[in-house]
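Engineer: Dumping the structure here so I can ask a few things about it.
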Amino acid sequence: MDYDADNIFAKILRGEIPCDKVYEDAHALAFRDINPQTPVHVLVIPKGAYVSMDDFSANATDSEISGFFRAVGHVARQLGVVGDGYRFLSNIGGDGHQEVLHFHVHIFAGKDLGRMIKPIDK
Ligand code: 5GP
């Protein structure tokens, strides 16, 4: 799938749409989700134009990949959620219900998050 430079997170990266910024460095931007699902709900996005985790892992440079995942860990520590625990998750494609087609990870925290996923119906 081609990257759409007009997706909402590309606009946030360009400063065309505001965000509640939590952290920024050369490789990543982190900001609070506009529609939080948990008491702490932060999105971390790479600065490069990648559609998904699949695209990112296949096409980003080693320094983009290491810089991005270091930033995710940094954000979790900065948010103070490591002690009680948190979840990071990335939705990909249709079955993954990815809404915004710029690779991002969600950091969910601030409550007991329950089990990972609903069991499949038998
Ligand atoms: P996805 O399903 O693609 O993994 O999730 C996209 C997330 O982006 C959703 O949780 C949604 O609430 C969030 N989101 C969509 N538009 C905006 C926006 O303009 N600003 C912020 N901060 N979050 C957004």
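The values are calculated or read from the model by the stated rules, or taken from the named source; none is laboratory data. Values in this document were obtained by computation on a predicted structure and should not be read as measured data. Glycine also receives a Cβ, built like all others from the backbone with ideal geometry; neighbour counts cover every protein chain displayed. Accessible surface is based on the protein model in full, side chains and every heavy atom, while ligands, DNA and RNA are left aside. Shrake-Rupley method; radii C 1.70, N 1.55, O 1.52, S 1.80 Å.
Engineer: Total Lys pairs in the chain closer than 25 Å by alpha-carbon, pairs eight or more apart in sequence or interchain only?
Structural biologist: Within the chain, the lysine pair count is 4.
Engineer: Ok, one more. I'd like to check one number: the per residue accessible area of the chain, probe 1.4 Å, reported in Å² as a whole number.
Structural biologist: Per-residue value: 63 Å².
Engineer: Could you check how much of the accessible area of the chain is carbon and sulfur, as a whole percent, using a 1.4 Å probe?
Structural biologist: Result for the chain: 51 percent of the exposed heavy-atom area is carbon or sulfur.
Engineer: HIS106 accessible area, nearest 10 Å², 1.4 Å probe?
Structural biologist: Result for HIS106: roughly 20 Å² accessible.
Engineer: Run the simple label-point estimate for ARG14 and GLN37 please: 7 Å along Cα→C-beta, distance reported in nm.
Structural biologist: 2.8 nm
Engineer: Set Lys and Arg Cβ to +1 and Asp and Glu Cβ to -1, take the dipole of the chain about its Cα centre, and tell me which of SER57, TYR23, LEU13 lies farthest positive.
Structural biologist: Going by the charge dipole, the pick is TYR23.
Engineer: Would the range 8-109 count as rounded, prolate or oblate if I go by the C-alpha gyration tensor, calling it rounded below 1.5 in a/c and otherwise prolate when a/b exceeds b/c, oblate otherwise?
Structural biologist: Rounded, since a/c falls under 1.5.
Engineer: Remind me, relative contact order of the range 8-109 in percent, using alpha carbon pairs under 8 angstrom and six or more residues apart?
Structural biologist: This gives 32 percent for the range 8-109.
Engineer: Something else now. Would you mind telling me which residue in ALA26, ALA71, ALA109 has the biggest mean-square fluctuation in a Gaussian network model of the chain, where springs connect alpha carbons within a distance under 10 angstrom?
Structural biologist: Among ALA26, ALA71, ALA109, the largest mean-square fluctuation in the Gaussian network model of the chain belongs to ALA26.
Engineer: What length, rounded to one decimal in nm, is gained on full extension from MET1 through to PHE88, with 0.36 nm per residue of separation minus their alpha-carbon distance?
Structural biologist: 29.0 nm
Engineer: Given Cβ point charges of +1 (Lys, Arg) and -1 (Asp, Glu) and nothing else, what value in debye, to the nearest 20, does the dipole of the range 38-122 about its Cα centre take?
Structural biologist: Once rounded to the nearest 20, the dipole reads 340 debye.
Engineer: In addition: Which value at 222 nm does the chain reach when only helices count, each DSSP H run of 4 or more adding -39,500 (n - 2.57), with the total divided by all residues and rounded to the nearest 500 deg cm²/dmol?
Structural biologist: Value at 222 nm, helices only: -7500 deg cm²/dmol.
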